[in-house]
Amino acid sequence: MFLLRAFVKLSFILFLCRRFSESSDKGWFRSLFVHKVDARKDAHSNLLSKKETSNLYKIQFHDVKPECLEAYNSLEAEVQKRLHEDQDYPCEVVGSWNTWYGEQDQAVHLWRYRGGYPALTDCLQKLRANKEYLEFRKERAKMLLSRRNELLLEFSFWNEPLPRQGPNLYEMRTYYLKPGTMIEWGNRWARAIKHRQENNEAVGGFFTQIGQLYVVHHLWAYESLQAREETRNSAWRKEGWDVNVKLYNAASPPPLLLLMEMTGLQ
């Protein structure tokens, strides 16, 4: 009987607590367990991407058979040139590289579609009807071990990739973020990127829209490995750089970063 009365009292108390917390967004019972934050009003893709343009990017990673790399480069360059110059296809080649350090015998291609998803769809439909392009894909497939694509948007605070005088060494740093941290990442890099403009090394910054999500790619360019070392050392001497990039300092558990890859591109 005692246990029954205790159970009834406990049930009544929980009922009152539930009704009280439901009657107000700031109920005392809820406040014991929940840290109240303002809900985000929009997707991070809208908050972080450039509003003045509707550019969509596609990055391709092709793992090439080592004995086919030279033939692959020649074939790919010929087709890219035709597509880049043909005004009927709303796409352009931003950059095309072979890896130097990191994953070997890999080709990386970055395309830009001015006009966003409609431009991409238009381009793909035309390519599917292009017999010459379909033959190119068959020939290229014989040279590949694997391939993957990602669709990207560019960060609003990063430079737009533009042609530059060369030759240059390109470095692509890829970061895999914890879900839900893209906004904080963007806020920190919006402050940090100003420290990396003196030598024109910042090429572009992107985040995935389709493919593996919460992935960020930063693309840098240097005249040489020595220039890279000097430029990076100079950034660390600037007040404010270390504060905003300490997120992936190996000396402490990174609050945002899961994994970082670095690839040297020729």
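The values are calculated or read from the model by the stated rules, or taken from the named source; none is laboratory data. On a predicted model such as this, the values are computed, not experimentally measured, just so you know. Cβ: placed from backbone, ideal geometry, glycine included. Neighbour counts: every protein chain shown. Surface areas here come from the heavy atoms of the whole protein model, side chains and all, with no ligands, DNA or RNA. Shrake-Rupley method; radii C 1.70, N 1.55, O 1.52, S 1.80 Å.
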note = Of the residues in segment 123-140, those that are open to solvent by less than 60 Å² (accessible area, probe 1.4 Å), touching a residue at least 12 places away in the same chain (Cβ under 8 Å) and not basic (Lys, Arg) come to Cys123, Leu127, Tyr133, Phe136
ask   = When you go through (1) at pLDDT below 75; (2) over 26 Å from the mean Cα position of the chain (by Cα) one by one for Ala71, which number turns out not to apply?
value = (1)
request  = Output the qualifying pairs, or none if there are none: Cβ atoms under 8 angstrom, residues six or more apart or on different chains, first residue in segment 185-196 and under 13 Å from Arg237 (Cα atoms), second residue modelled with pLDDT of 85 or more and part of a helix (DSSP H, G or I).
outcome  = Arg196/Thr231
task = Spot the failing condition for Pro118; the list is (1) modelled with pLDDT of 95 or more; (2) open to solvent by 60 Å² or more (accessible area, probe 1.4 Å), and only one is missed.
result = (1)
Breaking point among (1) closer than 23 Å to Asn55 by Cβ; (2) at pLDDT below 90; (3) basic (Lys, Arg), for Lys238 = (1)
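Would you check if Ala227 is over 20 Å from Glu103 (Cα atoms) and in contact with a Lys or Arg (Cβ under 7 Å, 6 or more places away or on another chain)? Steps first, please.
Details: over 20 Å from Glu103 (Cα atoms): yes; in contact with a Lys or Arg (Cβ under 7 Å, 6 or more places away or on another chain): no.
For Ala227, the condition - over 20 Å from Glu103 (Cα atoms) and in contact with a Lys or Arg (Cβ under 7 Å, 6 or more places away or on another chain) - is not met.
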query = Does segment 174-198 hold any residues that are more than 20 Å from Thr231 (Cβ to Cβ) and assigned to a strand (DSSP E or B), and which are they?
reply = Tyr176, Leu177
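Table: residues versus (1) open to solvent by less than 10 Å² (accessible area, probe 1.4 Å); (2) more than 18 Å from Trp111 (Cα to Cα).
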position: Lys178; (1), (2): no, yes
position: Thr181; (1), (2): no, yes
position: Gly186; (1), (2): yes, yes
position: Trp189; (1), (2): yes, yes
position: His195; (1), (2): no, yes
position: Ala202; (1), (2): yes, no
position: Gly211; (1), (2): no, no
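Are any of the residues in segment 1-13 at pLDDT 90 or above and over 22 Å from Phe157 (Cα atoms)?
Taking segment 1-13 first, the residues at pLDDT 90 or above are none.
The answer is no, given that none of the residues of segment 1-13 is at pLDDT 90 or above and over 22 Å from Phe157 (Cα atoms).
I'm trying to understand the selection: among the residues of segment 141-173, which are surrounded by fewer than 16 Cβ atoms within 10 Å (Cβ to Cβ) and in a strand (DSSP E or B)? If you could, list the steps in order and put the result at the bottom.
Let us first name the residues in segment 141-173 that are surrounded by fewer than 16 Cβ atoms within 10 Å (Cβ to Cβ), namely 141-142, 144-149, 156, 160, 162-167, 173.
Correct list: Leu144, Leu145, Ser146, Arg147, Arg148, Asn149, Arg173.
I'd like the residue in segment 199-217 that is in a loop (DSSP other than H, G, I, E, B) and within 13 Å of the chain's Cα centre (by Cα) and, out of all such residues, is nearest to Tyr117 (Cα to Cα). Quick ask: steps written out before the conclusion?
To start, the set of residues in segment 199-217 that are in a loop (DSSP other than H, G, I, E, B) comprises 199-201, 211-214.
Narrowing the set further to residues that are within 13 Å of the chain's Cα centre (by Cα) leaves 211-214.
Values: Gly211: 15, Gln212: 18, Leu213: 17, Tyr214: 19 Å.
It comes out as Gly211.
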